[in-house]
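The structure appears below as structure tokens.
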Amino acid sequence: MLDLNNKVVLPNKKELEFFKQNNLSNWNFKNFMQHCQLKNRMSLKIDKVISQYKLCLNNIKQCVQDDDVKRYVENLSEEINDKPTEDQSKTTVNNFHNVNYGTTTVMEAHGAVTVEQNNKKRKVAEDSQTSLTEAQSKVSPTTHSGLSLSPEHYGPSLYDSWEETESEEEIVVEEDIEMNVWDIWKKILDTMQRDGDIDKYSLEHLNIVQLGNKLGSKITREYYPKNLIKKTGLTLEEIPSSFVEDNEFYNNIFDTIALSDEFSSNEVLVEAASLVFKSNNPFMKFFHTVLQSFVSGLFIDDCDVYNNEISYNYYILWPILNSLSKSIQKTKFSLGEKRLEAVSQELKLIHNDNRHFYNADGIISNIESEIEIAILETTGPLLQQNDPKETQDYIKAGYGLVAMLHVIGRKFHYGDFEIFKKIGSFFVQATPTKIRIWRAFMPASKVYVISCIGSVEVPTESKTSEEKLRKLIDLFWFLRQLINESYQAIDELQGSHIANMKKKARKLEGHEEVTSLCDNFKINTLIKLPQIYIKKSSHLQINSSPIRPDNSS
């Protein structure tokens, strides 16, 4: 293979960007066409693309000295010249590759290319769309530690309506059957990072793909192709039910809470407590804790959860996460402005920085391996909208989740990457109205995914609480299942690490093929932790469609 770095040095010209970024073996017209599509995101005329390609090849031929490179470039020129324009526009049904990006469809049939205009708007089944207006909030500077990609900050908050973002032309990518879906995502991430339109705080700068059922931001709705999102298979529409037995017991308690006052509800829960703890049933214990938290902390007249964040954490979220952690072996929950060690390690490695840190509202960790597996971030009091803080919490959590994965990878750095792909880190996001739970993992080298595994509205009235409470309990119990699965994968990774370490240390057969997991990580050298909120947050804020909300309540 001809190596670009050794054979030729190209001038720093914008039109030669594609050729500088790729090895010579990838300089063919097919790859050049796809590069143009991803870069321009608009309709392209085939004759103009061909002319541009020929011009670039001619410029390269004039500036290079190496004979091998010159011959290679001449061959590329001959290949594109050999086919008349009318032949290049032909395609067959059996052997074409669609790359539909923005409004353009590129059909590649063994080198033959055609461009087809596609100006169809997104079709929304509903007859009408409702604009979603951002609640304006005045936020004072704070010392709360968040994440950004630079120390600069924005001005006043502005919000773009859902109607505007939904009416944009649909982006569709249809990949070659031989092309991995995550290779296409890498190209999209690369395009977004080079595009001046995306925000400097966007998680895509960390190579993070953000996915969720009917969830997104203005940026993800603009750049993420819908059919490519679907091909990931990661947008869960329904959480499995945990209420599979003892339904009479649960139904009776729900009935009592709906029909009784606080005193009567507490009385029933006290009577049920004895039965619950005698049963030694982890789910029943967790159910009892959740119900007790809401009855005593929220379904009361003088409730403080609407006034301050600490009360919301203390009465509702911390008891739930503490109970959940106790139901998982070798797991503990640490509450209250807890420093996330994974971020401290990452900052020290990247910046040699001991001054900045990340405090989460709570951390779930594995006692045995000392691995942080989940974090809690609470936006503020219940029902008090604070979009800048919600966005800052989400963005810094994105960095925290990636750092947590990196810690696991560095701890077992000789482990098999295929095993590492099964490991997740988790984020419990308590917004003013909902609880969302996110899972981060690496589906491929240099690519991270943060996927919302579920979202539920927080019930505020006992009489109408049953459906939402059941969904909330199901969501947290599903988190428990996923944490256990990650623990199993971590054990597998440790075994793989030990085996490969021995192979490498003893120079056994195949030791040359042992690589470090860290080679698959994207190292982010621009990460900084600012001291104030991201005020212009509307284009970054994750929200659900008012037409198709992320929960059916």
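Summary of computed values
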item: Whole-angstrom gap from the range 477-491 to the range 392-418, using each part's C-alpha centre; result: 15
item: Charge sum, other residues only, whose C-beta stays under 11 Å from ILE367's C-beta, Lys/Arg counted +1 and Asp/Glu -1; result: 0
item: For ILE46, ILE435, order by how many other beta-carbon atoms lie within 10 Å, fewest first; result: ILE46, ILE435
item: Relative exposure of PHE426, PHE277, PHE521, judged by other C-beta atoms within 10 Å (fewest first); result: PHE277, PHE521, PHE426
item: For TYR223, TYR201, order by how many other beta-carbon atoms lie within 10 Å, fewest first; result: TYR223, TYR201
item: Computed P(r) (all Cα pairs; the range 421-499; 10 Å bins; percent); result: 17, 38, 26, 13, 5, 1
item: Subset of LYS422/LYS502; LYS214/LYS326; LYS446/LYS504; LYS186/LYS422; LYS14/LYS61; LYS348/LYS389 violating a 21 Å alpha-carbon distance limit; result: LYS422/LYS502; LYS214/LYS326; LYS446/LYS504; LYS348/LYS389
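Only the coordinates and a few stated rules stand behind these numbers; no lab work does. What you see is a predicted model; the values in this text were computed from it and never measured. Methodologically, a virtual Cβ is constructed for each residue, glycine included, from the backbone with ideal geometry; neighbour enumeration extends over all protein chains shown.
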